[in-house]
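Values quoted throughout were computed directly from the atomic coordinates according to the rules given, and no laboratory measurement underlies them. This structure is a prediction, so every number in the text was calculated from the model and none was measured. We place every Cβ from the backbone using ideal geometry, glycine too, and count neighbours over all the protein chains shown.
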Amino acid sequence: MNMFEWGVHRRPAPRTVLDPDTLLTRGAMIAVLLIGLLGFVFMLVAGEFILAPLSLAIVIGLMLGPIATRLEKRGLPSWLSAVIVCLLFVALVALFAAALIGPLSYWTGELPRIWQKLQIQLAQLREPINTLRDVQNELRTVTGGSGVTVEVDEGGDVTDIAIMAPALGAQVLLFLASLFFFMATRHDIRTGIMKIVVDRRLRWRIAHIFRDVETLVSRYLLSIAVINVGLGVAVSLVLWIIGVPSPALWGMLAMLLNFVVYIGPAIMAGLLFAVGLATFDTLAGSFVPPLAFLAVNLMEAQFVTPMVLGRTLTLNPFLVLLALAFWIWVWGPIGGFIAIPALLIAYAVLSNLVPIGPKAPPPGA
């Protein structure tokens, strides 16, 4: 056998890069995952009326769980601790709403004056606006378009409120009932799920999932609540110093909106710009309240929150933005509130089912 034949016979057979069976199997798995994801999104959108208040109740229940646990350690039954915690939560919400009603009513009446002052302050921009309007009219002439006719349906707001009030009341009742029963039966839910699982290692992982979910969500929300209270006090003091009316109102709104990261502070800055228009005489002065708020919010976001929460609850900003966009698109303001807790729950589940780093100890260790 010559060298050429020896080289031919010793050459390894070429491998098949794409195995048809493997390709079909992986394609089927990807298709099933995509269908399941689309079905999950459709379920969230279609079931918003029930799933949104139910999910909010679970998140609030996880947040208030440590308080109920301390009451139970003092000898109270779980149902009584749930009643006490729910009543405290309702009382805090009622006090917060009562404190907001008066100032909000005043500033709602000020909206026409704020709008008029905004038009006056922006009069210097009238020339560019007129230029844009002339361009728009020329485009309409070229395309043969006509003016847009706006019809006002009188009494529409009253009709919408009359239709939405029963639905909103039903959602509030569903939220309160879900919060109470979740708080009262949270230990029974965990025990029931643990009894269903037969595999010992899987049972160990599920137990750690429950532990991590309660720890992460409760720690995050309670810490953020304390931080936001401090933020509200700081914002109130700063706005009071620069002479903004109703500083306590804006402090409370800053505290509430800061639960929705990124979007909440942006909305608050826009509100304070409108307040600046009504408070100061110049357009430059109107930027003083939002800039003061953003300075306080920047200190809170860059120094206070990382120091309190630490690295254990530091999430990827891109994932946070995606979670906010998704949940606000699905459920609106409620989705914005539960976006970060939902991300923490997903992190706790994945970190236990697909552990990264050191191998988890065996169940008997």
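Which of rounded, prolate or oblate describes segment 226-271 when judged by the alpha-carbon gyration tensor and an a/c cut-off of 1.5? Note, shape of segment 226-271 comes out oblate. What is segment 154-302 by shape, rounded, prolate or oblate, if you read a ≥ b ≥ c off the alpha carbon gyration tensor as root eigenvalues and call it rounded for a/c under 1.5, prolate for a/b larger than b/c, and oblate otherwise? Because a/c hits 1.5 or more and a/b fails to exceed b/c, segment 154-302 counts as oblate.
Remark: the F318-S223 segment gains 32.0 nm on full extension, using 0.36 nm per residue and subtracting the alpha carbon distance.
Which FRET efficiency value, to the nearest 0.05, do you get for V197 and A167 by plugging their Cβ-Cβ distance into 1/(1 + (r/R0)^6) with R0 = 45 Å? Please list the in-between numbers first.
Numbers: r = 38 Å, r/R0 = 0.85.
Efficiency, rounded to the nearest 0.05: 0.75.
Taking 7 Å steps out from each Cα toward its Cβ at V83 and F49 produces label points 3.2 nm apart.
Could you work out how much longer the chain between W240 and L34 gets when fully extended? Use 0.36 nm per residue separation minus the Cα distance between them, nm to one decimal. Could the numbers behind the result be given before it?
Details: separation 206, 0.36 × 206 = 74.16 nm, distance 5.26 nm.
Taking 0.36 nm per residue and subtracting the Cα distance, the gain is 68.9 nm.
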